[in-house]
1. Those residues that are aliphatic (A, V, I, L, M) and either assigned to a strand (DSSP E or B) or in contact with a strand residue (DSSP E or B) (Cβ under 9 Å, 6 or more places away or on another chain) (or both), I need them from segment 43-60; list them, please.
2. Please find, among G113, G93, G89, G30, the residue that is among the small types (G, A, S), over 14 Å from E19 (Cβ atoms) and at pLDDT below 95.
3. When only residues in segment 162-188 that are within 16 Å of the chain's Cα centre (by Cα) and within 15 Å of F256 (Cα to Cα) count, which is most open to solvent (accessible area, probe 1.4 Å)?
4. Taking N191 and the conditions (1) in contact with a Gly (Cβ under 9 Å, 6 or more places away or on another chain); (2) open to solvent by less than 20 Å² (accessible area, probe 1.4 Å); (3) not hydroxyl-bearing (S, T, Y), which numbered condition does it fall short on, given that it satisfies the others?
5. Identify the single condition in (1) surrounded by fewer than 15 Cβ atoms within 10 Å (Cβ to Cβ); (2) in contact with a Cys (Cβ under 7 Å, 6 or more places away or on another chain) that P255 does not satisfy, given that it satisfies every other one.
6. Return yes or no: is L119 under 20 Å from L229 (Cα atoms), in a strand (DSSP E or B) and modelled with pLDDT of 80 or more?
7. Which residue out of T211, T243 is free of Cβ contacts under 8 Å to residues at least 24 places away in the same chain, closer than 27 Å to G89 by Cα, out of contact with any helix residue (DSSP H, G or I) (no Cβ under 8 Å at 6 or more places or on another chain) and hydroxyl-bearing (S, T, Y)?
8. Just to check your reading of the model, which residue among G63, G40 is under 19 Å from V164 (Cα atoms), within 17 Å of the chain's Cα centre (by Cα) and either in contact (Cβ under 8 Å) with a residue 24 or more places away in the chain or in a strand (DSSP E or B) (or both)?
Amino acid sequence: MSIASIQSDRLGANPFAVEGPIVSGSGIPGPNFSLGAVAGGDRESEWVYCQLVLASQTTLQPGQWFQWTRDYVASLLTTAAAVVGQRCGVFSGAAQPPTLTGGPVGAITLAPGTYYVWLQRNGQAPALVATATAALVTAETTTTAGQASAPASATATTKAIANVNFAAANQTFTATTVNGSNLLTSLSGLNAGSGPFIGAAVSGTGISGGTTIAGITYSPSGVVQSITLSANATANGTGITITATGVLEATLMRPFLSKVN
């Protein structure tokens, strides 16, 4: 499996672009599509065009969960704000550098204002999760904005997210580390479509606790060449097993908030 990387049936639509901020009278058109418009892509993917109003500076990253109203006004998903019956999906990422053939890439920090975003509701996608277990069949909200969880059994008072499944509880691959460097090179056992993703937590020999993936470099053909970490490695190593968690490949099947657990 691998995540969706193409959206093609609406001229000009790009799920990895964020439109805005839209300021009345500025000459910047918006919205560019009808709210609630749906566009499709590869791997059964579907995106919904939604309005996003931010009251404060907010950083969006691939895999963050959103819910949206019947008027297609989106908001970051939390247990407290979740409304049973509303549809939900994930933000697919903010940009596609020219060296990448497709797929979610980076985070983006947005000032307060009104924006328009494509949110993915179907197909393979990155998903931000606090916990994932071997069951991988239960998804629910958390208190952290934009983060879901996939525990072995439901957590009381959370809101259940129906129609989502996770490919695995984590992802492992091998890499070379250099003491004092924040780059992982000589990568093996991964591909651009299935992750790892920016924002994922990583662990392994020579990797400090709390380290995350800050950047990914690709070849022109889309092969992952190196991974930039948020902290330098503390040891030299070859063929080190790296485990990535926190942002995992998920299968979305038009998820919605189904009940209070």
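1. V48, L52, V53, L54, L60
2. Exactly one residue qualifies, and that residue is G93.
3. Step by step, filter segment 162-188, then rank; the result is N165.
4. Answer for N191: the failing condition is (2).
5. Answer for P255: the failing condition is (1).
6. no
7. Step by step, each of T211, T243 is checked, and only T211 is free of Cβ contacts under 8 Å to residues at least 24 places away in the same chain, closer than 27 Å to G89 by Cα, out of contact with any helix residue (DSSP H, G or I) (no Cβ under 8 Å at 6 or more places or on another chain) and hydroxyl-bearing (S, T, Y).
8. Working: G40 fails: within 17 Å of the chain's Cα centre (by Cα).
From the options G63, G40, the qualifying one is G63.
The values are calculated or read from the model by the stated rules, or taken from the named source; none is laboratory data. From a predicted model like this one, the values you see are computed outputs, not experimental measurements. Positions of Cβ are generated from backbone atoms using ideal geometry, with glycine treated the same way; all protein chains shown enter the neighbour counts. Just the protein is used for accessible areas: all its heavy atoms, side chains included, with ligands, DNA and RNA removed. Shrake-Rupley method; radii C 1.70, N 1.55, O 1.52, S 1.80 Å.
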